[in-house]
Amino acid sequence: MANKTIVIGAGMVGVCVAWHLQQQGFDVTLIDKKAPGEETSFGNAGLIQREAIFPYPMPRNMTEIMRILPNQSPDIRYRPLAMWHYRHALWQYFVHSAPQRFATIRQEWASLIAHCTDAHETMLQAAGAEQWVRKVGWLQLHRHASSFEHAKQHVQDGNAWGVEARLLNPQDIAQLEPDLNSQVFVGGVHWQNAWQVTNPAALVKAYAAHFVSLGGTILQDTVHSLHHQNQWHVHTQNERLTYEHAVIAAGPWSQDLLHTLGYEFPLFPIRGYHQHYTLKTGSVLNHSIVDEDSGFVLGPKQAGIRLTTGAEFTLMDAPIRMEQLHATETIARGLLPLENALETTPWLGHRPCLPDMKPIIGAAPKHPNLWLAFGHAHQGFTLGPITGLLLAQQMSGQDTLIDMQPFSAQRFTA
Ligand SMILES: Cc1cc2nc3c(=O)[nH]c(=O)nc-3n(C[C@H](O)[C@H](O)[C@H](O)COP(=O)(O)OP(=O)(O)OC[C@H]3O[C@@H](n4cnc5c(N)ncnc54)[C@H](O)[C@@H]3O)c2cc1C
(Lines give C-alpha, C1' and ligand atoms only; values in the text may rest on other atoms or scores of the structure.)
Protein backbone atom coordinates (compact mmCIF):
# COMPACT_ATOMS: atom_id res chain seq x y z
CA MET A 1 0.00 0.00 0.00
CA ALA A 2 1.38 3.42 -0.92
CA ASN A 3 1.41 6.68 1.02
CA LYS A 4 2.58 5.46 4.40
CA THR A 5 1.31 8.15 6.75
CA ILE A 6 1.50 8.96 10.43
CA VAL A 7 -1.19 11.09 12.07
CA ILE A 8 -0.01 12.56 15.38
CA GLY A 9 -2.86 13.09 17.82
CA ALA A 10 -5.93 10.88 18.29
CA GLY A 11 -8.47 13.45 19.39
CA MET A 12 -11.61 14.00 17.33
CA VAL A 13 -9.59 15.79 14.63
CA GLY A 14 -6.73 13.27 14.30
CA VAL A 15 -9.05 10.24 14.36
CA CYS A 16 -11.21 11.74 11.59
CA VAL A 17 -8.14 12.63 9.51
CA ALA A 18 -6.82 9.07 9.89
CA TRP A 19 -10.23 7.61 8.97
CA HIS A 20 -10.60 9.75 5.83
CA LEU A 21 -7.03 9.09 4.67
CA GLN A 22 -7.69 5.39 5.05
CA GLN A 23 -10.81 5.78 2.89
CA GLN A 24 -8.55 7.31 0.22
CA GLY A 25 -6.23 4.29 0.28
CA PHE A 26 -3.48 5.71 2.50
CA ASP A 27 -1.65 3.30 4.83
CA VAL A 28 -2.22 5.11 8.13
CA THR A 29 -0.78 4.89 11.63
CA LEU A 30 -2.44 7.02 14.30
CA ILE A 31 -0.27 7.80 17.30
CA ASP A 32 -1.17 9.34 20.64
CA LYS A 33 0.38 9.42 24.07
CA LYS A 34 -3.01 8.26 25.37
CA ALA A 35 -5.90 6.18 24.04
CA PRO A 36 -8.09 7.95 21.40
CA GLY A 37 -10.30 10.77 22.65
CA GLU A 38 -8.76 11.11 26.12
CA GLU A 39 -7.79 14.80 26.04
CA THR A 40 -9.75 17.85 24.84
CA SER A 41 -12.11 15.66 22.85
CA PHE A 42 -12.99 13.81 26.06
CA GLY A 43 -14.38 16.56 28.20
CA ASN A 44 -16.13 19.03 25.95
CA ALA A 45 -19.83 19.87 26.04
CA GLY A 46 -20.50 17.31 23.30
CA LEU A 47 -22.47 19.59 21.01
CA ILE A 48 -22.23 19.09 17.26
CA GLN A 49 -22.93 22.67 16.46
CA ARG A 50 -24.60 22.97 13.08
CA GLU A 51 -25.81 26.40 14.24
CA ALA A 52 -22.31 27.76 14.99
CA ILE A 53 -21.99 29.85 11.84
CA PHE A 54 -20.08 32.54 13.76
CA PRO A 55 -16.83 31.90 15.61
CA TYR A 56 -16.32 33.81 18.90
CA PRO A 57 -14.70 37.23 18.44
CA MET A 58 -12.85 38.91 21.28
CA PRO A 59 -15.10 41.44 23.05
CA ARG A 60 -14.22 44.94 21.80
CA ASN A 61 -16.87 47.25 23.18
CA MET A 62 -16.10 49.16 26.38
CA THR A 63 -19.12 47.94 28.37
CA GLU A 64 -18.18 44.33 27.68
CA ILE A 65 -14.49 44.91 28.45
CA MET A 66 -15.39 46.64 31.73
CA ARG A 67 -17.61 43.69 32.65
CA ILE A 68 -14.78 41.19 32.13
CA LEU A 69 -11.91 43.27 33.57
CA PRO A 70 -12.59 42.60 37.30
CA ASN A 71 -12.10 38.89 36.52
CA GLN A 72 -15.27 37.85 38.36
CA SER A 73 -17.68 37.03 35.55
CA PRO A 74 -18.76 33.38 35.27
CA ASP A 75 -18.26 33.16 31.50
CA ILE A 76 -14.74 34.57 31.00
CA ARG A 77 -11.77 34.54 33.37
CA TYR A 78 -8.11 35.31 32.74
CA ARG A 79 -4.77 34.99 34.46
CA PRO A 80 -2.45 37.96 33.93
CA LEU A 81 0.64 35.77 33.34
CA ALA A 82 -1.11 34.01 30.46
CA MET A 83 -2.28 37.32 28.99
CA TRP A 84 1.35 38.44 28.95
CA HIS A 85 2.70 35.12 27.63
CA TYR A 86 0.23 35.06 24.72
CA ARG A 87 0.11 38.85 24.24
CA HIS A 88 1.06 38.78 20.52
CA ALA A 89 -1.56 36.15 19.66
CA LEU A 90 -4.19 37.91 21.76
CA TRP A 91 -3.46 41.24 20.13
CA GLN A 92 -3.94 39.62 16.72
CA TYR A 93 -7.18 38.09 18.02
CA PHE A 94 -8.33 41.58 19.02
CA VAL A 95 -7.42 42.92 15.55
CA HIS A 96 -9.22 40.07 13.72
CA SER A 97 -12.30 40.70 15.86
CA ALA A 98 -12.82 44.17 14.34
CA PRO A 99 -16.24 44.25 12.62
CA GLN A 100 -15.02 44.50 9.02
CA ARG A 101 -12.41 41.77 9.35
CA PHE A 102 -14.79 39.58 11.33
CA ALA A 103 -17.44 39.86 8.61
CA THR A 104 -15.10 38.04 6.21
CA ILE A 105 -13.95 35.50 8.79
CA ARG A 106 -17.46 34.48 9.67
CA GLN A 107 -18.30 33.73 6.01
CA GLU A 108 -15.20 31.57 5.75
CA TRP A 109 -15.97 29.85 9.04
CA ALA A 110 -19.59 29.21 8.06
CA SER A 111 -18.46 27.50 4.85
CA LEU A 112 -16.82 24.86 7.08
CA ILE A 113 -19.58 24.55 9.70
CA ALA A 114 -22.24 24.07 7.01
CA HIS A 115 -20.85 20.56 6.34
CA CYS A 116 -20.35 19.44 9.95
CA THR A 117 -23.39 17.21 10.45
CA ASP A 118 -23.24 15.63 6.98
CA ALA A 119 -19.61 14.74 7.60
CA HIS A 120 -20.41 13.28 11.04
CA GLU A 121 -23.33 11.35 9.54
CA THR A 122 -21.05 9.55 7.07
CA MET A 123 -18.74 8.45 9.88
CA LEU A 124 -21.57 7.69 12.32
CA GLN A 125 -23.18 5.29 9.89
CA ALA A 126 -19.93 3.65 8.83
CA ALA A 127 -18.84 3.16 12.44
CA GLY A 128 -22.31 2.18 13.69
CA ALA A 129 -21.96 4.82 16.40
CA GLU A 130 -25.45 6.32 16.28
CA GLN A 131 -26.11 5.33 19.88
CA TRP A 132 -23.93 8.19 21.16
CA VAL A 133 -25.79 10.92 19.29
CA ARG A 134 -29.17 12.48 20.00
CA LYS A 135 -30.41 14.57 17.09
CA VAL A 136 -32.69 16.74 19.20
CA GLY A 137 -30.85 20.08 19.00
CA TRP A 138 -30.01 22.16 22.07
CA LEU A 139 -31.46 25.19 23.85
CA GLN A 140 -29.79 28.60 24.06
CA LEU A 141 -31.48 30.50 26.88
CA HIS A 142 -31.41 34.23 27.61
CA ARG A 143 -31.86 36.13 30.85
CA HIS A 144 -31.68 39.57 29.21
CA ALA A 145 -33.79 41.02 26.43
CA SER A 146 -30.73 42.61 24.80
CA SER A 147 -28.87 39.33 24.34
CA PHE A 148 -32.08 37.65 23.17
CA GLU A 149 -32.44 40.32 20.46
CA HIS A 150 -28.91 39.46 19.35
CA ALA A 151 -29.86 35.77 19.18
CA LYS A 152 -32.85 36.59 16.98
CA GLN A 153 -30.46 38.19 14.51
CA HIS A 154 -28.33 35.04 14.61
CA VAL A 155 -31.42 32.96 13.80
CA GLN A 156 -32.09 35.16 10.76
CA ASP A 157 -28.48 34.99 9.58
CA GLY A 158 -28.52 31.23 10.05
CA ASN A 159 -31.35 30.74 7.52
CA ALA A 160 -29.01 31.38 4.63
CA TRP A 161 -26.64 28.68 5.95
CA GLY A 162 -29.26 25.98 6.49
CA VAL A 163 -29.54 26.43 10.26
CA GLU A 164 -32.92 25.31 11.62
CA ALA A 165 -34.11 27.18 14.70
CA ARG A 166 -37.24 27.97 16.67
CA LEU A 167 -37.63 30.99 18.95
CA LEU A 168 -38.89 30.10 22.43
CA ASN A 169 -40.81 32.06 25.03
CA PRO A 170 -40.63 31.07 28.73
CA GLN A 171 -43.71 28.82 28.36
CA ASP A 172 -42.09 26.97 25.45
CA ILE A 173 -38.95 26.49 27.54
CA ALA A 174 -41.02 25.13 30.44
CA GLN A 175 -42.73 22.71 28.08
CA LEU A 176 -39.45 21.41 26.70
CA GLU A 177 -37.74 21.29 30.10
CA PRO A 178 -40.34 20.97 32.91
CA ASP A 179 -37.69 20.60 35.65
CA LEU A 180 -35.77 23.73 34.66
CA ASN A 181 -36.38 27.03 36.42
CA SER A 182 -37.47 28.66 33.16
CA GLN A 183 -38.83 31.81 34.87
CA VAL A 184 -35.37 33.40 34.91
CA PHE A 185 -35.28 33.44 31.11
CA VAL A 186 -36.93 35.99 28.84
CA GLY A 187 -36.67 33.64 25.88
CA GLY A 188 -34.46 31.27 23.99
CA VAL A 189 -33.62 29.52 20.77
CA HIS A 190 -33.99 25.84 20.03
CA TRP A 191 -31.22 25.06 17.55
CA GLN A 192 -32.99 22.17 15.95
CA ASN A 193 -30.52 20.66 13.52
CA ALA A 194 -27.61 20.64 15.96
CA TRP A 195 -26.85 17.36 17.77
CA GLN A 196 -25.83 16.38 21.25
CA VAL A 197 -23.47 13.56 22.14
CA THR A 198 -24.00 11.66 25.38
CA ASN A 199 -20.38 10.55 25.72
CA PRO A 200 -17.93 12.53 23.55
CA ALA A 201 -14.94 10.25 24.22
CA ALA A 202 -17.00 7.18 23.29
CA LEU A 203 -17.83 8.70 19.91
CA VAL A 204 -14.13 9.36 19.18
CA LYS A 205 -13.31 5.81 20.27
CA ALA A 206 -16.06 4.39 18.04
CA TYR A 207 -14.63 6.24 15.02
CA ALA A 208 -11.13 5.02 15.98
CA ALA A 209 -12.33 1.43 16.39
CA HIS A 210 -13.82 1.53 12.90
CA PHE A 211 -10.49 2.78 11.53
CA VAL A 212 -8.75 -0.19 13.21
CA SER A 213 -11.38 -2.65 11.96
CA LEU A 214 -10.51 -1.55 8.42
CA GLY A 215 -6.79 -2.24 8.96
CA GLY A 216 -5.59 1.04 10.51
CA THR A 217 -2.90 0.99 13.19
CA ILE A 218 -3.03 2.84 16.49
CA LEU A 219 0.15 3.30 18.55
CA GLN A 220 0.11 4.57 22.12
CA ASP A 221 3.39 6.47 22.43
CA THR A 222 4.61 10.05 22.85
CA VAL A 223 6.16 11.80 19.87
CA HIS A 224 9.22 13.80 20.93
CA SER A 225 10.22 15.22 17.55
CA LEU A 226 10.19 14.64 13.82
CA HIS A 227 12.50 15.62 10.98
CA HIS A 228 12.53 15.22 7.23
CA GLN A 229 15.27 13.48 5.34
CA ASN A 230 13.84 11.91 2.19
CA GLN A 231 11.04 10.70 4.47
CA TRP A 232 9.57 11.74 7.82
CA HIS A 233 11.52 10.31 10.75
CA VAL A 234 9.47 10.33 13.90
CA HIS A 235 11.18 9.96 17.28
CA THR A 236 8.88 8.63 19.93
CA GLN A 237 9.53 7.70 23.50
CA ASN A 238 9.95 4.07 22.47
CA GLU A 239 11.10 3.92 18.86
CA ARG A 240 12.03 5.63 15.62
CA LEU A 241 9.50 5.41 12.83
CA THR A 242 9.61 6.36 9.14
CA TYR A 243 6.74 7.61 6.99
CA GLU A 244 6.17 9.31 3.66
CA HIS A 245 3.59 11.77 5.06
CA ALA A 246 3.16 13.21 8.55
CA VAL A 247 0.04 14.97 9.86
CA ILE A 248 0.12 17.12 12.99
CA ALA A 249 -3.29 16.97 14.66
CA ALA A 250 -2.18 17.36 18.25
CA GLY A 251 -4.80 19.92 19.28
CA PRO A 252 -3.42 22.47 21.77
CA TRP A 253 0.00 20.70 21.75
CA SER A 254 0.52 21.06 17.98
CA GLN A 255 2.86 24.03 18.20
CA ASP A 256 5.16 22.13 20.62
CA LEU A 257 5.96 19.69 17.82
CA LEU A 258 6.14 22.33 15.10
CA HIS A 259 8.49 24.63 16.99
CA THR A 260 11.49 22.32 16.35
CA LEU A 261 10.69 22.45 12.62
CA GLY A 262 10.91 26.24 12.61
CA TYR A 263 7.21 27.13 12.71
CA GLU A 264 5.79 29.68 15.15
CA PHE A 265 2.03 29.50 14.83
CA PRO A 266 0.25 31.80 17.30
CA LEU A 267 -1.69 28.94 18.91
CA PHE A 268 -3.07 29.70 22.37
CA PRO A 269 -5.22 27.69 24.78
CA ILE A 270 -8.59 28.63 26.26
CA ARG A 271 -9.27 26.40 29.21
CA GLY A 272 -12.60 24.95 30.29
CA TYR A 273 -13.66 22.68 33.13
CA HIS A 274 -16.37 20.10 33.53
CA GLN A 275 -18.00 18.32 36.44
CA HIS A 276 -20.86 15.78 36.49
CA TYR A 277 -23.77 15.86 38.95
CA THR A 278 -26.69 13.66 39.80
CA LEU A 279 -30.19 15.09 39.36
CA LYS A 280 -32.84 14.84 42.04
CA THR A 281 -34.74 11.57 41.57
CA GLY A 282 -37.64 11.99 39.19
CA SER A 283 -36.19 15.10 37.51
CA VAL A 284 -34.99 15.14 33.94
CA LEU A 285 -33.01 17.29 31.51
CA ASN A 286 -33.98 16.50 27.92
CA HIS A 287 -31.64 18.85 26.04
CA SER A 288 -28.28 20.43 26.56
CA ILE A 289 -28.93 24.00 27.61
CA VAL A 290 -26.65 27.00 27.39
CA ASP A 291 -27.27 29.77 29.91
CA GLU A 292 -26.10 32.34 27.42
CA ASP A 293 -25.78 35.31 29.76
CA SER A 294 -23.85 33.27 32.34
CA GLY A 295 -21.73 31.39 29.79
CA PHE A 296 -21.96 27.71 30.71
CA VAL A 297 -23.52 24.49 29.42
CA LEU A 298 -25.57 21.88 31.25
CA GLY A 299 -25.99 18.66 29.31
CA PRO A 300 -27.40 15.20 29.93
CA LYS A 301 -24.50 12.79 29.56
CA GLN A 302 -24.05 9.08 30.15
CA ALA A 303 -22.10 9.92 33.33
CA GLY A 304 -24.64 12.41 34.73
CA ILE A 305 -25.47 16.06 34.13
CA ARG A 306 -22.28 17.61 32.76
CA LEU A 307 -21.65 21.24 33.69
CA THR A 308 -19.12 22.74 31.28
CA THR A 309 -17.58 26.14 31.97
CA GLY A 310 -16.84 29.02 29.61
CA ALA A 311 -13.40 30.47 28.91
CA GLU A 312 -10.35 30.77 31.12
CA PHE A 313 -7.30 32.37 29.52
CA THR A 314 -4.45 30.56 31.20
CA LEU A 315 -1.21 28.70 30.55
CA MET A 316 -1.51 25.03 29.59
CA ASP A 317 0.23 23.82 32.73
CA ALA A 318 -1.27 26.34 35.18
CA PRO A 319 -2.71 24.68 38.28
CA ILE A 320 -6.43 24.12 38.51
CA ARG A 321 -8.53 27.01 39.86
CA MET A 322 -11.98 26.25 41.15
CA GLU A 323 -13.45 29.78 41.30
CA GLN A 324 -15.07 29.83 37.86
CA LEU A 325 -16.55 26.36 38.25
CA HIS A 326 -17.84 27.22 41.73
CA ALA A 327 -19.44 30.46 40.51
CA THR A 328 -21.06 28.61 37.64
CA GLU A 329 -22.22 25.74 39.83
CA THR A 330 -24.06 28.18 42.11
CA ILE A 331 -25.95 29.60 39.12
CA ALA A 332 -26.64 26.11 37.73
CA ARG A 333 -28.12 24.97 41.04
CA GLY A 334 -30.62 27.81 40.68
CA LEU A 335 -31.74 26.30 37.36
CA LEU A 336 -31.88 22.56 37.99
CA PRO A 337 -32.19 20.35 41.10
CA LEU A 338 -28.55 19.20 40.93
CA GLU A 339 -27.41 16.95 43.75
CA ASN A 340 -23.96 15.43 44.29
CA ALA A 341 -20.88 16.21 42.25
CA LEU A 342 -19.66 12.88 40.87
CA GLU A 343 -15.91 13.57 40.68
CA THR A 344 -13.58 14.75 43.42
CA THR A 345 -11.50 16.76 40.92
CA PRO A 346 -13.10 18.39 37.88
CA TRP A 347 -11.86 17.65 34.37
CA LEU A 348 -10.00 20.42 32.56
CA GLY A 349 -9.00 20.85 28.92
CA HIS A 350 -7.81 23.51 26.48
CA ARG A 351 -9.49 24.71 23.33
CA PRO A 352 -6.75 25.08 20.67
CA CYS A 353 -7.23 28.65 19.35
CA LEU A 354 -5.74 30.74 16.56
CA PRO A 355 -6.10 34.52 16.44
CA ASP A 356 -8.24 34.65 13.30
CA MET A 357 -10.63 32.11 14.86
CA LYS A 358 -10.17 29.54 12.06
CA PRO A 359 -8.27 26.24 12.10
CA ILE A 360 -5.31 25.41 9.91
CA ILE A 361 -6.19 22.57 7.52
CA GLY A 362 -3.63 21.92 4.81
CA ALA A 363 0.01 21.66 3.82
CA ALA A 364 2.84 22.98 5.97
CA PRO A 365 4.55 25.70 3.94
CA LYS A 366 8.21 24.84 4.51
CA HIS A 367 8.33 21.03 4.32
CA PRO A 368 7.25 18.40 1.82
CA ASN A 369 4.49 16.00 2.84
CA LEU A 370 3.89 17.64 6.20
CA TRP A 371 0.21 18.36 6.83
CA LEU A 372 -1.55 20.33 9.55
CA ALA A 373 -5.00 20.04 11.15
CA PHE A 374 -5.34 21.99 14.37
CA GLY A 375 -6.70 25.19 15.90
CA HIS A 376 -10.42 24.31 15.93
CA ALA A 377 -10.97 26.28 19.14
CA HIS A 378 -14.53 26.00 20.50
CA GLN A 379 -15.80 23.65 17.77
CA GLY A 380 -13.22 20.93 17.12
CA PHE A 381 -15.60 18.20 18.17
CA THR A 382 -18.08 19.50 15.60
CA LEU A 383 -15.49 19.96 12.87
CA GLY A 384 -13.38 16.79 13.14
CA PRO A 385 -15.05 14.81 10.33
CA ILE A 386 -15.22 17.66 7.80
CA THR A 387 -11.60 18.50 8.60
CA GLY A 388 -10.64 14.89 7.94
CA LEU A 389 -12.45 14.89 4.61
CA LEU A 390 -10.92 18.19 3.47
CA LEU A 391 -7.38 17.26 4.46
CA ALA A 392 -7.66 13.84 2.79
CA GLN A 393 -8.90 15.55 -0.39
CA GLN A 394 -5.87 17.86 -0.34
CA MET A 395 -3.39 15.08 0.40
CA SER A 396 -4.69 12.94 -2.43
CA GLY A 397 -4.68 15.85 -4.89
CA GLN A 398 -8.44 16.03 -5.35
CA ASP A 399 -10.63 19.10 -5.66
CA THR A 400 -11.80 20.13 -2.21
CA LEU A 401 -15.44 20.47 -1.19
CA ILE A 402 -14.89 24.12 -0.20
CA ASP A 403 -12.22 26.76 -0.83
CA MET A 404 -9.31 25.92 1.48
CA GLN A 405 -7.41 29.19 1.08
CA PRO A 406 -8.95 30.70 4.26
CA PHE A 407 -7.63 27.70 6.25
CA SER A 408 -4.14 27.65 4.76
CA ALA A 409 -1.12 27.72 7.10
CA GLN A 410 0.44 30.37 4.87
CA ARG A 411 -1.72 33.07 6.41
CA PHE A 412 0.64 32.88 9.41
CA THR A 413 3.92 32.28 7.62
CA ALA A 414 3.74 34.52 4.53
C1 LIG B 1 -14.84 22.95 28.12
C2 LIG B 1 -14.88 22.71 26.64
C3 LIG B 1 -16.10 22.56 25.99
C4 LIG B 1 -16.15 22.34 24.61
N5 LIG B 1 -17.34 22.09 24.01
C6 LIG B 1 -17.38 21.80 22.67
C7 LIG B 1 -18.60 21.45 22.02
O8 LIG B 1 -19.65 21.35 22.64
N9 LIG B 1 -18.58 21.22 20.69
C10 LIG B 1 -17.43 21.28 19.96
O11 LIG B 1 -17.47 21.10 18.75
N12 LIG B 1 -16.24 21.55 20.56
C13 LIG B 1 -16.19 21.81 21.89
N14 LIG B 1 -15.00 22.10 22.50
C15 LIG B 1 -13.80 22.18 21.68
C16 LIG B 1 -13.29 20.78 21.31
O17 LIG B 1 -13.30 19.95 22.44
C18 LIG B 1 -11.87 20.88 20.74
O19 LIG B 1 -11.82 21.84 19.70
C20 LIG B 1 -11.47 19.52 20.15
O21 LIG B 1 -11.62 18.50 21.10
C22 LIG B 1 -10.04 19.56 19.66
O23 LIG B 1 -9.78 18.28 19.13
P24 LIG B 1 -8.32 17.89 18.70
O25 LIG B 1 -8.39 16.52 18.15
O26 LIG B 1 -7.76 18.98 17.87
O27 LIG B 1 -7.50 17.94 20.10
P28 LIG B 1 -7.42 16.86 21.26
O29 LIG B 1 -8.71 16.19 21.48
O30 LIG B 1 -6.75 17.50 22.42
O31 LIG B 1 -6.44 15.78 20.67
C32 LIG B 1 -5.05 16.02 20.52
C33 LIG B 1 -4.34 14.74 20.87
O34 LIG B 1 -2.95 14.89 20.62
C35 LIG B 1 -2.27 14.09 21.55
N36 LIG B 1 -0.88 14.55 21.62
C37 LIG B 1 -0.46 15.82 21.88
N38 LIG B 1 0.89 15.85 21.84
C39 LIG B 1 1.30 14.60 21.55
C40 LIG B 1 2.59 14.02 21.38
N41 LIG B 1 3.71 14.74 21.48
N42 LIG B 1 2.67 12.70 21.11
C43 LIG B 1 1.54 11.95 21.01
N44 LIG B 1 0.30 12.45 21.14
C45 LIG B 1 0.19 13.77 21.41
C46 LIG B 1 -3.05 14.30 22.84
O47 LIG B 1 -2.82 13.23 23.75
C48 LIG B 1 -4.48 14.38 22.33
O49 LIG B 1 -5.15 13.13 22.44
C50 LIG B 1 -14.94 22.31 23.87
C51 LIG B 1 -13.72 22.44 24.53
C52 LIG B 1 -13.68 22.63 25.90
C53 LIG B 1 -12.35 22.73 26.59
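The values are calculated or read from the model by the stated rules, or taken from the named source; none is laboratory data. Not measured: the values here are computed from a predicted model. Neighbour counts run over all protein chains shown; Cβ positions are idealised from the backbone, glycine included. Please note that ligands, DNA and RNA were not included when accessible areas were found on the heavy atoms of the full protein model with its side chains. Shrake-Rupley method; radii C 1.70, N 1.55, O 1.52, S 1.80 Å.
A simple spin-label model places the labels of residue 146 and residue 321 2.5 nm from each other, with each point 7 Å out along Cα-to-Cβ. Accessible area per residue was computed with a 1.4 Å probe on protein heavy atoms; residue 144 scores about 100 Å². Rounded to the nearest 0.05, the FRET efficiency derived from the C-beta distance between residue 166 and residue 130 at R0 = 22 Å is 0.40. Largest accessible area first, the residues 306, 321 order themselves as 321, 306 under a 1.4 Å probe with ligands, DNA and RNA left out.
Overall form of the range 47-177: prolate. Here a/c, set by the Cα gyration tensor axes a ≥ b ≥ c, is 1.5 or more, and a/b is the larger of a/b and b/c.
Net charge in the neighbourhood of residue 92 (other residues with Cβ under 12 Å of its Cβ; Lys, Arg +1, Asp, Glu -1) is +2. Helical content alone sets the calculated 222 nm signal of the chain at -10000 deg cm²/dmol, taking -39,500 (n - 2.57) per DSSP H segment of four or more residues and averaging over every residue.
Per residue, the average separation of C-alpha pairs within less than 8 Å and at least 6 apart gives the range 1-114 a relative contact order of 25 percent. For the range 182-245 and the range 340-408, what is the centre-to-centre distance using only Cα atoms, to the nearest Å? Answer, in whole Å: 10. Computed with the Debye formula from one identical point scatterer per Cα of the chain, without solvent, the log10 of I(q)/I(0) at q = 0.11, 0.13 Å⁻¹ comes to -0.80, -1.13. How much accessible surface area, in Å² rounded to 10, belongs to the heavy atoms of residue 33 with a 1.4 Å probe? Surface open to solvent at residue 33 totals about 90 Å².
Antiparallel as a % of all DSSP beta bridges within the chain, to the nearest 5? Percent antiparallel among DSSP bridges in the chain is about 70. Using C-alpha pairs below 8 Å separated by at least 6 residues, the relative contact order for the range 348-397 is 35 percent. About the centre of its Cα atoms, the range 119-172 shows a dipole size close to 160 debye [charges on the beta carbon of Lys, Arg (+1) and Asp, Glu (-1) only; nearest 20 debye]. With the Cα gyration tensor of the range 204-286 giving a ≥ b ≥ c as the square roots of its eigenvalues, does the rule (a/c under 1.5 for rounded; else a/b larger than b/c for prolate; else oblate) give rounded, prolate or oblate? Here the range 204-286 falls in the oblate category.
With a simple spin-label model that places each label point 7 Å from the Cα along the Cα-to-Cβ direction, the separation between residue 264 and residue 103 comes to 3.3 nm. Note that the range 273-414 carries a Kirkwood radius of 17.8 Å, evaluated over its alpha carbons pair by pair.
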